[in-house]
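The values are calculated or read from the model by the stated rules, or taken from the named source; none is laboratory data. A quick note: this is a predicted structure, and the numbers were derived from the prediction, not measured. Glycine gets a Cβ as well: all are built from the backbone with ideal geometry, and neighbour counts include every protein chain shown. Just so you know, the surface numbers come from the protein's heavy atoms only, side chains and all, with ligands and any DNA or RNA stripped out. Shrake-Rupley method; radii C 1.70, N 1.55, O 1.52, S 1.80 Å.
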Amino acid sequence: MRHILSSFFIFLVRIYQYAISPLLGANCRYTPTCSAYAVEAIRTHGPFKGTWMGIKRISRCHPWGGHGYDPVPPKEDAKQASE
């Protein structure tokens, strides 16, 4: 079930990337772009937390927000394994 939901949310982001984003032009202040961040967050953290992380990232993408390199944080399990 989790894989199906992840695929659905990623599909929605891909629709945006290929159908809507080219019409708006490149205007993301972060690297990776907000849509690429959302896809990576969904793959790393699952459909619900990943979608929430993508929404939070998009809300920070405005003229008074930050800019630059902002990768998806690793999953908590991966952090503990590396220590």
- Note on the structure: Of the accessible area of the chain, computed with a 1.4 Å probe and all protein chains kept, carbon and sulfur make up a percent value of 65
- Over region 1-69, equivalent-ellipsoid semi-axes from the Cα gyration tensor in Å: 21, 15, 8
- Note on the structure: Extend 7 Å from the Cα of residue 4 along its Cα-to-C-beta direction; within region 21-65, residues with backbone N under 17 Å of that point are 47-48
- Item | Distant-in-sequence amide H partners of residue 75 (H built 1.01 Å from N, under 5 Å) | none
- Under the 7 Å Cα-to-Cβ spin-label approximation, residue 43 and residue 23 lie apart by a distance in nanometres of 2.7
- Note on the structure: Between the modelled labels at residue 16 and residue 56 (7 Å from Cα along Cα→Cβ) the distance in nm is 1.6
